[in-house]
Amino acid sequence: MRKEEAVKRHFRLSCVAQSLLQQAPASGSATERFAFAQGAITIGQRVRTIARDALQNLLKLVEQLLAQGHSCEHILEVLMPA
């Protein structure tokens with residue numbers, strides 16, 4: 001069983017994550033809109049927007065490294081250092 005301090009820390013981190021998600025911009029497509037949300041942006045839409053942005057930035061980094069002539073092995077080492 002978790003110690004009380006670990007449970008408190010987990011709860012605090014969950015609250016921080018929820019607050020950050022509520023403030024994050026979202027750009028849900030028509031297929032991501034749900035009737036129950038009544039036009040409001042859902043947390044899921046915000047998470048998907050953040051994930052898309054993160055993937056886009058990762059791909060831009062890889063593109064820049066490839067343009068600079070780095071090998072695939074080097075890029076993997078940059079992304080996942082040993």
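At 0.36 nm per residue, minus the direct Cα-Cα distance, what do residue 74 and residue 4 gain on full extension? Give it in nm, one decimal, please.
Taking residue 74 through residue 4 to full extension adds about 20.8 nm, to one decimal.
Let me check I've understood the local charge: for residue 19, count other residues with C-beta under 15 angstrom from its C-beta, Lys and Arg +1, Asp and Glu -1. What total comes out?
Neighbourhood net charge equals +2.
Residue-wise, which Karplus ³J(HN,Hα) couplings in Hz belong to region 10-15, taking 6.51 cos²θ - 1.76 cosθ + 1.60, θ = phi - 60°, and x for glycine or proline?
4, 5, 4, 5, 5, 5
So how do 70, 10 line up by other beta-carbon neighbours within 10 Å, fewest first?
The order, fewest Cβ neighbours first, is 10, 70.
FYI, it's all coordinate maths here, none of it is from the lab. As the structure is a computational prediction, the values presented were derived from the model and not from experiment. With ideal geometry, Cβ positions are generated from the backbone for all residues, glycine too; neighbour counts draw on all protein chains shown.
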